[in-house]
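The values are calculated or read from the model by the stated rules, or taken from the named source; none is laboratory data. It should be emphasised that the depicted structure is a prediction, and the values quoted were computed from it without experimental measurement. Glycine gets a Cβ as well: all are built from the backbone with ideal geometry, and neighbour counts include every protein chain shown.
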Amino acid sequence: MARDMLGFLFLILLFLVLITFYYRKAIFAKLPYLNRRYQRLPAIFSTNSFQNDIEGGLTSEAFDLHQNIADGDNRLGLEDSAEIKRIMEAEGLNFDQARLFRMQRKFKTNNIDPQTGVPRDPKLVTFSN
């Protein structure tokens, strides 16, 4: 009896592990704080380039990387391109929408209103013209 129960629990655990593994991209996309631990090295160690970003679909009319290449820009490509690609895949968004989604999420985590860009700090003092 105990052996049958142990076998059943093992099968349930195995099933949960397989389901988690299968949906890991969606899970990590919904829990961005888990990805922070595994961010790539700083840009000075990066092998990324604007050409790689273009080939990865990380360009648009509003954010044209072709011009960076034409101007001879010597930077190492976009930062956080892997996170933007994850958002594009997980949420089914295009490049511009994924950039907006990422920025709004960063605003929310920093207590900034994503619609207005104004901090939500109750001690905030602003002056108008």
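Can you give me the number of residues within the range 1-43 that are outside any helix (DSSP H, G or I), within 22 Å of T109 (Cα to Cα) and modelled with pLDDT of 75 or more?
0
Return only the number of the condition from (1) free of Cβ contacts under 8 Å to residues at least 60 places away in the same chain; (2) closer than 15 Å to A29 by Cβ that N74 does not satisfy.
In the conditions (1) free of Cβ contacts under 8 Å to residues at least 60 places away in the same chain; (2) closer than 15 Å to A29 by Cβ, N74 misses (2) alone.
Just to be sure before I move on: is Q115 of a type in the set (S, T, N, Q), at pLDDT below 90, out of contact with any helix residue (DSSP H, G or I) (no Cβ under 6 Å at 6 or more places or on another chain) and under 23 Å from K30 (Cα atoms) in the structure I sent?
yes
I need a count of the residues in the range 73-91 that are outside any helix (DSSP H, G or I) and surrounded by fewer than 19 Cβ atoms within 10 Å (Cβ to Cβ).
So the answer is 6.
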